[in-house]
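**Student:** Once you've had a glance at the structure underneath, I'll fire off some questions.
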Amino acid sequence: MKLLFITLFIPSLVFSWEITSCEFSKNKSSADIVYSKTIKIKRVEIKEGKVLMPVEENKGRIYENIKLISKKAYENILNSFSSGKCASTQKDSVLSFKITKVKKLKSEHRIANAEAEFGDVFLAVFGIMKNKDGEIWAAFPKDLEVLDKDFESKIKKEIIKSAPSAK
């Protein structure tokens, strides 16, 4: 008896985040990078051949709220800078993210940080905030812009749902 294995391949469906466009600075040392036409990461820099993700400063402290999480993502940015192009042939895509860690904080306003991974490309740290009335809301890193408002709404809902006081 012979066994027949069939593999289905759907080339138009992509399950990861890809660089779809870039806006380079005049001297090409930094760029705003758009992933899957959905999320823009601003102020990504190249210095001495290394990728530097944007950082935030608050009260003398520096926070790395957006981090690359794979070598491939790092290399894709380097290649985009060296070629001066950031276009992809990506068609339709199934974009995902997941909350991977929630760290409770001592502040009464920023009650926790939620880490979200976007595929195997980048991780972003979101603030779980609480206003005077006890309402919970999500604070996004200042250099992360969600271009798709429906997707932004999904991110906000998941972050709020992960809040320590919402459990």
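The values are calculated or read from the model by the stated rules, or taken from the named source; none is laboratory data. Nothing here was measured: the structure is a model prediction, and the numbers come from that model. Neighbour counts run over all protein chains shown; Cβ positions are idealised from the backbone, glycine included.
**Student:** Of all the residues that make up segment 25-50, how many are assigned to a loop (DSSP other than H, G, I, E, B) and within 25 Å of Asp148 (Cβ to Cβ)?
**Tutor:** Looking only at that region, the number is 4.
**Student:** Quick one: in segment 56-73, of everything that is surrounded by 15 or more Cβ atoms within 10 Å (Cβ to Cβ) and part of a loop (DSSP other than H, G, I, E, B), which residue is modelled with the lowest pLDDT?
**Tutor:** Residue satisfying both the conditions and the ranking: Ile69.
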